[in-house]
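Participant: One structure follows; several queries about it will come next.
What follows is calculated from the coordinates using simple rules that are stated; it is not laboratory data. Values in this document were obtained by computation on a predicted structure and should not be read as measured data. Here the Cβ positions follow ideal geometry from the backbone for every residue, glycine too, while neighbour counts run over all protein chains shown.
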Amino acid sequence: MLASGNQNRVNQIITSLSQQINQINDLAIETALTNGVSITQISISSLNSVTQQTISSVSSNASALAEYNKQLNVYTNIRDSLVTYVTNLPITTVDSIKLQASSLAQFTQATNQLTRNSLTLVSDKCHQLALAVQAQTTKISYDNVQTGVNYITQCANNILNAVNGPLQQRTTILDLDWSRANNLPADYDTDLDYEWSNL
């Protein structure tokens, strides 16, 4: 169904899955907090987040943090596999702009579950949507412009938080990001002496 390219269907599925995963993420954060993990170790809130950011005075519980990270990486992998379905949709009408921007705002809400690959694809798509809104501003109603811009702004804010989380050491470096950054490409020649021996 996701590969169908049907904008309404793809956006509905992505939005629905994102909402479910966002709820699971919020619950995982709450569970980690009650088990002694500090909020400053695991999360930066998104623009419309309702999670209370109280700094826990309880020392970090290593097993709770490990369990949280395990679950975090499972849902990160799911998000990473879903991202191309929504970012590859064509922008055709004002409604598609609003629908895609809304879907991306939901998709990026759990900022701690976004890989660098996902962030790159989503930020490119947000930029395309912003350009599409700008091109349509004189042709569409103010309400449509405002709705599209609000979702795009929310998405951009989520992207910024997701990028800054690991840099500020406020979120965990995701397993998928770590492996992509540290694995050599398949075509990379690691035998440095090979070329020299042929001279």
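Participant: As a footprinting exposure proxy, order Glu67, Glu30 by other Cβ within 10 Å, with the fewest listed first.
Facilitator: With the fewest neighbours first, Glu67, Glu30 line up as Glu30, Glu67.
Participant: May I ask you to list the residues of region 120-136 whose amide nitrogen lies under 12 Å from a point 7 Å from Cα along the Cα→beta-carbon direction of Arg180?
Facilitator: Backbone N within reach: 120-123.
Participant: Taking neighbour counts of Cβ atoms within 10 Å as a proxy for exposure, in what order, fewest first, do Val133, Val163 appear?
Facilitator: Least crowded to most crowded, the residues run Val163, Val133.
Participant: Related question: How high is the relative contact order of region 51-157, in percent, counting Cα pairs under 8 Å that sit 6 or more residues apart?
Facilitator: With pairs under 8 Å counted, the relative contact order is 34 percent.
Participant: If packing is taken as the mean number of other Cβ atoms within 10 Å per residue, what is the order of 166-173, 70-77, highest first?
Facilitator: 70-77, 166-173
Participant: Can you put Asp175, Asp80 in order of Cβ neighbours within 10 angstrom, beginning with the fewest?
Facilitator: Lowest count first: Asp175, Asp80.
Participant: Find the relative contact order for the chain and round it to a whole percent, using C-alpha pairs within less than 8 Å whose residues are 6+ positions apart.
Facilitator: This gives 27 percent for the chain.
Participant: Using the charge dipole of the chain (Lys, Arg: +1 at Cβ; Asp, Glu: -1 at Cβ; taken about the Cα centre), state which of Tyr68, Leu114, Leu2 has its Cα farthest towards the positive end.
Facilitator: Working it through, the farthest residue towards the positive pole turns out to be Leu2.
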